[in-house]
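Any read-out appearing in this document is the output of simple, stated calculations on the displayed coordinates, not a laboratory observation. Bear in mind the structure is a predicted one, so any value in this text is a computation, not a measurement. All Cβ positions, even for glycine, are placed from backbone atoms using ideal geometry, and neighbour counts span all protein chains on display.
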Amino acid sequence: MQTLTIRAAGGELNPLIPHPIEIVLSLVVFAILFFAVKKFVVPNFEATFAERTSAIEGGLAAAETKQAEADAKLADLEQQLSEARHEAARIREEAREQGAAIVAEMRAQGQAESERIVAHGKAQIEAERQQAVTSLRAEVGNLATGLAGRIVGESLDDEARQSRVVDRFLSELESGSGVN
C-alpha cells in the first residue's frame, strides 16, 4: 500500500500540514453536519424558543390583566368599604336620634304620669277631706245636740230640730263668733 504523505522541501513529513484528502473529507462531513443541524435541530430550537417567548409574553400579559383586574376589584372593594362605613355612621346617627327621641318621649310620658298621679292624689286628698269634714259635722252635730239637750233640759231627738240646731251651731263656728 502506498501512503500519500507530503514531504517538506527536505523530504521529511510535516505534521502541521494535513493531507488534502483529509481537508476535503472534513469539509464534506462539516457541510453534512451543518446542513443536518440547520435542517432538523435549529428549527426545533427556534420553535421551542418561540413557544417559550410566547408563553412568557402571554404570562406577562395575563399577569398584567390579572393585576389590572385585582386593582379594579381593590378599588371597588375600597369604594364598598367606604360606602359601608358611611352607612354605618348614618345608622349610628339615626340610632342616636331615635334614642334621644325615645328618651324625650319617655320623659314626657313620665311627666304626664307624674302629673296624673299628683292630680289623682290631690283629688283623693280632697275627697278624703270632704269625707272627714262631713264625718266631723255629723260627729259635732251629735255632740252639740247632746250638749244642747242637756243645757236646755229637753230632748232634741227630733230630726228637723236637731238639724236646725246643728246647722246654726256650725255656721256660728265657721263665722268665728262664739255661741251666745
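Before moving on, here are some points about what is shown:
- From its DSSP helices (H runs of at least four residues, each -39,500 (n - 2.57)), the chain gives a residue-normalised ellipticity at 222 nm of -30000 deg cm²/dmol.
- In this simple spin-label model, placing a label point 7 Å from the Cα along the Cα-to-Cβ direction at both residue 32 and residue 136 gives a separation of 15.1 nm.
- Separation of the residue 112 and residue 90 label points, Cα + 7 Å toward Cβ, nm: 3.2 nm
- Taking Cα centre as origin and charging only the Cβ of basic (Lys, Arg, +1) and acidic (Asp, Glu, -1) residues, the dipole magnitude of the chain rounds to 760 debye.
- The stretch 20-175 shape via C-alpha gyration tensor axes, a/c threshold 1.5: prolate
- C-alpha long axis of helix 20-36 to longest principal axis of the chain, angle in °: 30 degrees
- Once the Cβ-Cβ distance of residue 77 and residue 97 is raised to the sixth power relative to R0 = 41 Å, the FRET efficiency obtained is 0.85.
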